[in-house]
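Below is one structure, written out as structure tokens, with a few remarks after it.
Every number in this text was worked out from the coordinates using simple rules, so none of it is lab data. Given the structure is predicted, the values throughout are model-derived calculations rather than measurements. Here Cβ is always computed from backbone atoms with ideal geometry, including for glycine, and neighbour counts include all displayed protein chains.
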Amino acid sequence: MPLAKPDDLAVHDPVAETMERARTAQALFANVDQEQADAAVRALAWALYRPEHAREIAELAVADTSLGNVADKIVKKQRKTFGTLRDLLRGKSVGVIERDEARGLVKYAKPMGVIGAVTPSTNPGATPVNKAMMAIKGRNAIVIAPSPLGYRTTARVVELMRAELEAIELPADLVQILPAPVTKDSTEAMMRACDLVVVTGSQDNVRRAYSSGTPAIGVGAGNVPVMIDETADLDAAAARIRDSKIFDNSTSCSSENAVVIVDAVYEQAIAALERAGAYLCTPQEKQRIADRLWVRGKLNRDLIARDAPVLARAFELPEAAAAKQYFLVEETEIGRGAPFSGEKLALVLTVYRAKDFADAKKTVAAILDHQGKGHSCGIHTTDMDRARELAEHLDVVRVLVNFAHTFGNGGGFNSGLGFTLSMGCGSWQKNSISENLSYRHFLNITHLVTPIPEDKPSEEDLFGPHWNKIGYRESAR
């Protein structure tokens, strides 16, 4: 018998094989009831929320990526997972999910199929679980393409999720990870083969998703500016900013990157920030930070998301700085030539001084126009008219009032925003959503339409105001 020629041999395609397993599992899961769908969501949540698992994945993430710190990653994994589970269990994703008797509409939820999820190195454990919970809520399967830097962490959390699904007799292949090594080519192949792509992280991946030919949801870059006005409780504002800024060493896209302080309370606010754990750098120290935090115009991978003592040594700051929790640098410029005006992913917070609220508003807008437009901003104030003015005039999806920004922006127990690790930034960052990602984005909706009493206004009702302006009446036709 002649040997097979190379062209006769089956070509091994790991992406296609992964997708085939996902489709088989999803077909078995597509018609489960709400109780079974919610049981699957609980199983995935427990895979990460379980204390020993949360610690294991947090330790793996820091070991693999050198980003953030274990203690905060444990909090993040449990808090985000618990909050997301709360939100998901309160929603309906099977059968009739909405009735509008007045309009004769009944809405039925259907699965999308297989979700392709691209996840970042900053959250290699929490983001995959967060997306998987939302996808499974909609009776979909999910295939995860992690950042290569966080592959081992993501692979382990996927293993834990699969084990929990098997424990309740559901197909483990509802949740999968792309085989290693994950490359741009294999990620793009997954994007083309799935039914919806959801991307968190690299803006290059977001653009690739939108050009894949598959419906896609991408999120934008953060660069959060927050304002402190003269009506604010300065110590409370300083404590919130500290708690948010230092959490997981500023890995969150919702972490404050700039604070804009009105002149009337500038010195007092700086003093409050210092009391709360900040170190105010001198101009010379600021220059050393700039020289070392950026290398050839890009953030230094060895310094982002590191502990404050590590940064203090790298920046050659005094012992007084090493004992602090993060560092303030004063700035007046905004734009490409002013790196401190952008996202830093480090325990460095840029400070701007504004003449008054109107000037502070202009500064916040300029920062967002430079980077982070559409994402979010915050204000510490007791004047809600000012908060409403920001919401009305600024091109952002979220304006947070008196929040530790990181803990409110992606959902919080004292925030009405839904828990998520993926925040849409609208058309301002060429995103397809302008809200927090939720399970509703993972559903197809069928509309049952029945007759209602005719709702047809007269021509006069619709055109009357225009006719009055141009002097046109029906009798003149």
Discussion item. Counting only helical runs of four or more DSSP H residues, what would the 222 nm mean residue ellipticity of the chain come to if each run contributes -39,500 (n - 2.57) and the total is spread over all its residues?
Written reply: -13000 deg cm²/dmol
Worksheet, complete the sentence: For residue 444, the residues 5 or more places away or on another chain with a placed amide H closer than 5 Å to its own amide H are 110, 112
Fill in: DSSP beta bridges in segment 224-419 [antiparallel fraction, %, rounded to 5]
15
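When a footprinting reagent is the concern and you count Cβ atoms within 10 Å, what order do 380, 447 take, fewest first?
Ascending Cβ contact count within 10 Å gives the list 447, 380.
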Response to the item:
Between the modelled labels at residue 446 and residue 307 (7 Å from Cα along Cα→Cβ) the distance in nm is 5.7
Discussion item. Suppose a student asked you for the relative contact order of the chain, using Cα pairs under 8 Å spaced at least 6 residues apart; what percent would you report?
Written reply: 17
Worksheet, complete the sentence: Filtered pair list for segment 224-419 (Lys only, Cα < 22 Å, 8 or more apart or interchain) has a length of 17
Response to the item:
Taking alpha-carbon centroids only, segment 188-257 lies from segment 269-294 a number of Å equal to 24
Worksheet item: So how do 394, 448 line up by other beta-carbon neighbours within 10 Å, fewest first?
Response: 448, 394
Discussion item. Quick check for me: using +1 on Lys/Arg Cβ and -1 on Asp/Glu Cβ, what's the dipole size of the chain about its Cα centre, in debye to the nearest 20?
Written reply: 560
Practice prompt. Could you name the aspartates and glutamates whose alpha carbon sits less than 12 Å from that of residue 107, not counting residues in the same chain fewer than 8 places away?
Written response: 98
Worksheet entry | Rg to Rh, two decimals, where segment 224-419 supplies the alpha carbon set and Rh follows Kirkwood | 0.94
Worksheet item: Can you tell which of 273, 289, 360 lies farthest toward the positive end of the dipole of segment 224-419, using +1 and -1 charges on the Cβ of basic and acidic side chains (Lys, Arg; Asp, Glu)?
Response: 289
Worksheet, complete the sentence: Simple SL model, points at 7 angstrom along Cα→Cβ for residue 432 and residue 466; separation in nm is 3.3
Worksheet item: Check residue 431: other-chain or 5+ apart residues with amide H under 5 Å from its amide H, H built from backbone geometry?
Response: 425, 426
Worksheet item: Over the chain, what number does the Rg to Rh ratio reach, with both radii from the alpha-carbon atoms and Rh per Kirkwood?
Response: 1.04
Worksheet entry | Unit charges at the beta carbon, dipole of the chain: most positive-side option, 417, 406, 252 | 252
Discussion item. Give the separation of the Cα centroids, segment 414-477 to segment 321-362, in Å.
Written reply: 39
Worksheet item: Between residue 207 and residue 454, 0.36 nm times their residue separation minus their Cα-Cα distance comes to what?
Response: 84.4 nm
Worksheet item: Size of the dipole of segment 224-419 about the Cα centre, Lys and Arg at +1 and Asp and Glu at -1 on the beta carbon, nothing else charged, in debye to 20?
Response: 740
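Run the numbers for residue 290 and residue 46: contour at 0.36 nm per residue of separation, minus the present Cα-Cα distance, in nm.
83.6 nm
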